[in-house]
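Accompanying notes for the structure given below.
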Amino acid sequence: MISVLLIGMGKFGRTLGDQLLEMGDEVMIVDKNEDIVNKLAPRYTNALIADCMSLDNLETMDIPSFDACVVAIGEDFQASLEITSNLKDCGARRIVSRATTAIQRKFLMRVGADEVIYPDMDIAEKLAVRLNSDNVINFVDLDADYAIFEIELPKKWLKKTLVEVNPRVNYGMNILTIKNSGEIIYSISGDYVFREGDQLLVFGNTERVLAFTNKQK
């Protein structure tokens with residue numbers, strides 16, 4: 001469980017807040033819209049109506065006491081930028097800010113953000129990958145070149161052993177875990193025989209893994 005200060009309760013902020021609550025986190029929400037805060041307040045640890053572009057307002061919130069501060073504002077970049085800077089000045093331990101462009105990310109990092117997220121871009125990218133490869137269930141980018149993918153078992157691997165397939169050498173991917181009907185296999189030996197229904201969690205070069213999965217259509 002962590003404590004989170006969540007600033008900006010638009011659609012993204014509300015969705016993130018719901019997820020944090022489900023994980024048992026303590027969440028304080030802040031928004032300058034009185035109606036939004038009053039509606040959401042009963043669900044959260046604490047709620048405040050305030051304009052966080054004001055350094056004086058932030059200084060009343062004991063910013064260093066939170067494990068993470070999230071600036072979830074997406075429509076007003078100037079506000080996001082100033083709030084991120086103010087949080088840094090108030091001694092925030094960790095600042096996560098929302099951006100819509102690479103330029104915004106650069107400026108947010110300069111003024112103090114520890115991490116910048118692109119919710120809309122991430123959703124669009126994942127949808128594009130799924131549309132182009134039926135075998136990819138999900139994926140997480142690790143950097144510009146590598147990612148972790150959850151993929152369906154390629155048909156030509158069925159009933160073959162891990163040694164026979166040798167995915168690291170032949171396809172440039174490492175198998176991290178295998179899921180099948182609720183069973184999760186964390187330690188995979190070379191004599192493991194791939195079964196119908198296997199879903200693979202693999203690590204590899206993004207371009208190479210996608211090229212491989214696209215051939216499995």
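The values are calculated or read from the model by the stated rules, or taken from the named source; none is laboratory data. None of the values given here were measured: they were computed from a predicted structure. For neighbour counting, all protein chains shown are included, and Cβ atoms are generated from backbone atoms with ideal geometry for every residue, glycine included. Only protein heavy atoms, including side chains, enter the accessible area calculation; ligands, DNA and RNA are left aside. Shrake-Rupley method; radii C 1.70, N 1.55, O 1.52, S 1.80 Å.
The numbered conditions (1) over 21 Å from the mean Cα position of the chain (by Cα); (2) surrounded by 16 or more Cβ atoms within 10 Å (Cβ to Cβ); (3) under 24 Å from residue 120 (Cα atoms); (4) not hydroxyl-bearing (Ser, Thr, Tyr) are all true for residue 9 except (1). In the set (1) under 30 Å from residue 189 (Cα atoms); (2) surrounded by fewer than 18 Cβ atoms within 10 Å (Cβ to Cβ); (3) modelled with pLDDT under 95, the condition left unmet by residue 139 is number (2). Scanning region 87-121 for residues that are open to solvent by 70 Å² or more (accessible area, probe 1.4 Å), farther than 21 Å from residue 142 by Cβ and not in a helix (DSSP H, G or I) yields one hit, 93.
Taking the condition within 24 Å of residue 1 (Cβ to Cβ) and assigned to a helix (DSSP H, G or I), does residue 24 pass? It is false that residue 24 is within 24 Å of residue 1 (Cβ to Cβ) and assigned to a helix (DSSP H, G or I). Here's a check for you: in region 78-119, which residue that is more than 18 Å from the chain's Cα centre (by Cα) and among the aliphatic types (A, V, I, L, M) is farthest from residue 2 (Cα to Cα)? Out of the qualifying residues, it is 103.
Considering 34, 26, 59, the condition of being out of contact with any strand residue (DSSP E or B) (no Cβ under 9 Å at 6 or more places or on another chain) and open to solvent by 60 Å² or more (accessible area, probe 1.4 Å) is satisfied by 59 alone. Within region 198-206, does at least one residue satisfy the condition of being out of contact with any Ser or Thr (no Cβ under 8 Å at 6 or more places or on another chain), assigned to a strand (DSSP E or B), under 19 Å from residue 135 (Cα atoms) and open to solvent by 60 Å² or more (accessible area, probe 1.4 Å)? Checked against the condition, which is being out of contact with any Ser or Thr (no Cβ under 8 Å at 6 or more places or on another chain), assigned to a strand (DSSP E or B), under 19 Å from residue 135 (Cα atoms) and open to solvent by 60 Å² or more (accessible area, probe 1.4 Å), region 198-206 yields at least one hit. Take the conditions of a type in the set (Ser, Thr, Tyr) and at pLDDT 95 or above and apply them to residue 161. Does it pass? So residue 161 passes the test. In region 3-20, the count of residues that are under 20 Å from residue 113 (Cβ atoms), without any contact (Cβ under 8 Å) to a residue 60 or more places away in the chain and touching a Ser or Thr at 6+ places or on another chain (Cβ under 8 Å) is zero. Looking only at region 61-77, which residues are more than 11 Å from residue 7 (Cβ to Cβ), over 21 Å from the mean Cα position of the chain (by Cα) and at pLDDT 95 or above? Listed by number, the residues that qualify are 62, 64, 65. Annotation note: of 125, 115, the sole residue that is modelled with pLDDT under 75 and under 29 Å from residue 95 (Cα atoms) is 125. Here residue 186 meets each of (1) open to solvent by 70 Å² or more (accessible area, probe 1.4 Å); (2) of a type in the set (Phe, Trp, Tyr); (3) at pLDDT 95 or above with one exception, condition (3). With the condition kept exactly as written, say whether any residue in region 169-183 is more than 30 Å from residue 116 (Cβ to Cβ), open to solvent by less than 30 Å² (accessible area, probe 1.4 Å), at pLDDT 90 or above and touching a helix residue (DSSP H, G or I) at 6+ places or on another chain (Cβ under 9 Å). No; the residues of region 169-183 include none that is more than 30 Å from residue 116 (Cβ to Cβ), open to solvent by less than 30 Å² (accessible area, probe 1.4 Å), at pLDDT 90 or above and touching a helix residue (DSSP H, G or I) at 6+ places or on another chain (Cβ under 9 Å).
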